[in-house]
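The values are calculated or read from the model by the stated rules, or taken from the named source; none is laboratory data. Since we're looking at a predicted model, the values are computed, not measured. Glycine also receives a Cβ, built like all others from the backbone with ideal geometry; neighbour counts cover every protein chain displayed. With ligands, DNA and RNA removed, areas are computed over all heavy atoms of the protein, side chains included. Shrake-Rupley method; radii C 1.70, N 1.55, O 1.52, S 1.80 Å.
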Amino acid sequence: MKLASLKGGRDGRLVVVSDDLQRCLAAEGYATLQAALDDWSAARPVLEAVADRVNAGEGDTFDEASCASPLPRAYQWADGSAYVNHVELVRKARGAEMPESFWTDPLMYQGGSDSFLGPRDNIPMADEAWGIDFEAEIVVVTDDVPMGVSPEAALNHIQLVMLVNDVSLRNLIPGELAKGFGFFQSKPSSAFSPVAVTPDSLGDAWRGGKLHLPLRSWLNDSPFGMPDAGVDMTFHFGQLIAHAAKSRPLGAGSLIGSGTISNRLDDGPGKPISEGGVGYSCIAEIRMIETINDGKPATGFMKFGDRIRIRMDDSDGRSIFGTIDQAVERYGGQ
């Protein structure tokens, strides 16, 4: 089953989308996705009945450009860093040792969840000097998760899967981390895929709490990354959810991110697609590798007018979640 929120009001208008992303029908009885998640055990069979109808040919034309984030705002957005290869490169590029605990205890930060961007909304930025970067990731949506849940039990609380562009302002990060209190200004509004998908709709690509398909990104229409999200993921989503719920319950509609998708190559750093590698899911990673190899980065961060596209296709080349397609624009202020 595939769900989307069309723009309209603070929380959008929930629709059920056909598997081929061509048609949609209003979700009967549930105005918003959050309302459905709050009552998921009852809502799911109702929405699945609508899904049967839309997949049989009923409904209106589905337009990804009309979508807000599936959850335009959420009670919780916690992003992990499950691909430790990415973390290792970050620290190596600045000459820092990586603690062994990073391989056994996930990194996670709590992001802003009150103003998500739509999948086709531009990224408003006041200053290019902030180091504007995209981050292509997978994210899961939970129902109510009890405190202290085990990683294995946590997998049963994953109800939806999405893509996310977790925008980062790289040049603001060092100053914030130096204060010892974590990210805030350096993590602006994120953008999620047009469609959220139930794990069973992903077939055998969803197994072991991981999504085993390439996540593709294009920067200014040039292929930038196609790493496999199921490869080199040190912590599966059950482990990430359990980490988040160690000392608190998670409310229905909580979003848990994978962190930047990153694959190793021959037990070493990856290579650009143009050199036979699978590329990268953020600009920062290629800059780290350039620093390690050449002593300094050569690739610049995003500028006003630059465009990023992110999507994932199934084994037959069909889009699963729709496409995140955003340009960076100058923020004019109020």
When you look at G270, is it at pLDDT below 95, open to solvent by less than 60 Å² (accessible area, probe 1.4 Å), within 24 Å of D313 (Cα to Cα) and not in a strand (DSSP E or B), yes or no?
yes
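Of the residues I292, I261, which is touching a helix residue (DSSP H, G or I) at 6+ places or on another chain (Cβ under 6 Å) and either modelled with pLDDT of 95 or more or not in a strand (DSSP E or B) (or both)?
On the way: I261 fails: touching a helix residue (DSSP H, G or I) at 6+ places or on another chain (Cβ under 6 Å).
After ruling out the rest, the residue left standing is I292.
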Note on segment 208-236: residues among the aliphatic types (A, V, I, L, M), in contact (Cβ under 8 Å) with a residue 60 or more places away in the chain and either in contact with a His (Cβ under 8 Å, 6 or more places away or on another chain) or not in a strand (DSSP E or B) (or both) are L213, L215, A229, M233
Could you say whether any residue in segment 248-262 is under 26 Å from N171 (Cβ atoms), touching a residue at least 12 places away in the same chain (Cβ under 8 Å), surrounded by fewer than 24 Cβ atoms within 10 Å (Cβ to Cβ) and touching a strand residue (DSSP E or B) at 6+ places or on another chain (Cβ under 8 Å)?
no
Please find, within segment 1-36, the residue that is surrounded by the fewest Cβ atoms within 10 Å (Cβ to Cβ) out of those that are touching a residue at least 60 places away in the same chain (Cβ under 8 Å) and over 19 Å from G118 (Cβ atoms).
D20
Among (1) part of a helix (DSSP H, G or I); (2) crowded, with 17+ Cβ neighbours inside 10 Å; (3) modelled with pLDDT under 95 - the single one H243 does not satisfy
(3)
For segment 116-143, which residues satisfy the criterion of being in contact with a Gly (Cβ under 9 Å, 6 or more places away or on another chain), open to solvent by 10 Å² or more (accessible area, probe 1.4 Å) and over 19 Å from G80 (Cα atoms)?
P124, A126
Inside segment 71-115, can you point out the residues that are assigned to a loop (DSSP other than H, G, I, E, B), closer than 18 Å to C282 by Cβ, open to solvent by 40 Å² or more (accessible area, probe 1.4 Å) and at pLDDT 80 or above?
L107
Where residues in segment 165-188 are under 19 Å from A68 (Cα atoms) and not hydrophobic (A, V, I, L, M, F, W, C), which of them is surrounded by the most Cβ atoms within 10 Å (Cβ to Cβ)?
N165
If M162 meets every condition in (1) of a type in the set (A, V, I, L, M, F, W, C); (2) touching a Leu at 6+ places or on another chain (Cβ under 9 Å); (3) surrounded by fewer than 20 Cβ atoms within 10 Å (Cβ to Cβ); (4) modelled with pLDDT of 95 or more apart from one, which number is that one?
(3)
